[in-house]
Amino acid sequence: MQPFLKKGRFYNSKNEIGNNIFSEYALMMHSGFHELAIFFKSFLNYEKRNNLASWIEQSNIMPHSTEPSITWIGHATFLIQINNFNVLTDPIFGNATFLFPRILPPGIILEKLPKIDFVLISHNHRDHMDEMSLVNLKKLNPYLKFLVPQGDKDWFLKKGFNCNDVQENLWWNQLNFKNNDHSEIRFTFLPSKHWSQRSLFDYNKSLWGSWMVESGFSSIYFAGDTAYSQHFNEISNEFKNIDIALMPIGPCEPRKKMCNSHVSAEESGQAFLDLNAKNFVPMHWGTFKFGTDKFALPIERIKKWWNMNSTKLNFKNLNLIKIGQKIEFKYAELSKQVIGISTQQV
């Protein structure tokens, strides 16, 4: 699977070329104002009915980890610590926009992060490529490397980032790095089914995708934002041993609006089966209100799907973690898992 490029714009397929990009952008903005009104009307009542603090857990974050350690900071932001490398995915530590305020605070505040070696960007939407977070990360980590989709490097350069610190990627590009103790890590930029845009006229001017992180004796897949498509099977064909899959499960509703750019919880479960991965870690829920989901709907639906498909899930785990919670994996145990829902759950 390769992206289709025509007249400077990327597409998931040739069939998308006829889309009216301006009407799609207008729909997104209209939805934003509508959801903001709903949010302010319902948030206080929701907070009274639900103890939001129960969805947050503070973890002791070490400077480094040899074996895989994953901390969910919120939305699609994870701290991945593996083989003495520290990696952040799609960092956002504040609000997405004034239309989309943060429901829960970040699981780690930016200033309390360990030294970060790499930032992985899946696409340029503001809830995944946040200017404030990226600029502050660079100030705190002068040698930080940013691995981004093709077409996004110019944005970084305009914001004052060093040209040598930003690496653009097309699907299937592989990047290999070593640190001072000669530990190695490999990043592969992979397909997803989505779109890109930061302003009115730059629709699909940059690419979007997912990432595979390989280091030590394990591999971690970060799905980014995506609709369901054949790319999950294609990735599985190339990567036969995916230990951990960080998978979006929301927004689930309204499905007609979301189906071409976001998987539902059930579709995410099927994608996990397509990947033939061992551990499912949910993301992209509970941080911003982008759809009409009730707060815990994506989690309720992935748990229901998991239980209904238990016969297909031998030796696989659903790891439900709170914002700020760290989950640690041992190399020796990754091949000894049993069916079920992890005890590290919300």
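Given 117, 181, 165, which one is within 24 Å of residue 64 (Cβ to Cβ), modelled with pLDDT under 95 and either out of contact with any Ser or Thr (no Cβ under 8 Å at 6 or more places or on another chain) or of a type outside the set (S, T, N, Q) (or both)?
181
If you scan the range 197-217, which residues turn out to be more than 13 Å from the chain's Cα centre (by Cα), small (Gly, Ala, Ser) and at pLDDT 95 or above?
Result: 206, single match.
Can you pull out the residues in the range 104-117 that are buried (at least 20 other Cβ atoms within 10 Å of the Cβ) and either within 16 Å of residue 323 (Cα to Cα) or within 15 Å of the chain's Cα centre (by Cα) (or both)?
Once the filter is applied, which keeps residues that are buried (at least 20 other Cβ atoms within 10 Å of the Cβ) and either within 16 Å of residue 323 (Cα to Cα) or within 15 Å of the chain's Cα centre (by Cα) (or both), the range 104-117 yields 106, 107, 108, 113.
What do you reckon, is residue 291 in contact with a strand residue (DSSP E or B) (Cβ under 8 Å, 6 or more places away or on another chain) and surrounded by fewer than 24 Cβ atoms within 10 Å (Cβ to Cβ)?
Taking the combined requirement at face value, the residue does not satisfy it.
If you go through the range 238-250 one residue at a time, do you hit one that is surrounded by 24 or more Cβ atoms within 10 Å (Cβ to Cβ), more than 21 Å from residue 89 (Cβ to Cβ), at pLDDT below 95 and in contact with a helix residue (DSSP H, G or I) (Cβ under 8 Å, 6 or more places away or on another chain)?
No, because not a single residue in the range 238-250 is surrounded by 24 or more Cβ atoms within 10 Å (Cβ to Cβ), more than 21 Å from residue 89 (Cβ to Cβ), at pLDDT below 95 and in contact with a helix residue (DSSP H, G or I) (Cβ under 8 Å, 6 or more places away or on another chain).
Identify the residue in the range 254-278 that is modelled with pLDDT under 95 and assigned to a helix (DSSP H, G or I) and, among all such residues, is surrounded by the fewest Cβ atoms within 10 Å (Cβ to Cβ).
If we take residues in the range 254-278 being modelled with pLDDT under 95 and assigned to a helix (DSSP H, G or I), then 256 is surrounded by the fewest Cβ atoms within 10 Å (Cβ to Cβ).
Looking at the range 135-149, is at least one residue touching a strand residue (DSSP E or B) at 6+ places or on another chain (Cβ under 7 Å), touching a residue at least 24 places away in the same chain (Cβ under 8 Å) and in a helix (DSSP H, G or I)?
Yes.
Please determine, by comparing only the residues of the range 207-229 that are of a type outside the set (Ser, Thr, Tyr) and part of a strand (DSSP E or B), which one is surrounded by the fewest Cβ atoms within 10 Å (Cβ to Cβ).
212
The values are calculated or read from the model by the stated rules, or taken from the named source; none is laboratory data. The model shown is predicted, which means the values in this text are computed figures rather than measured ones. FYI the Cβ positions are ideal-geometry reconstructions off the backbone, even for glycines, and counts take in every protein chain you see.
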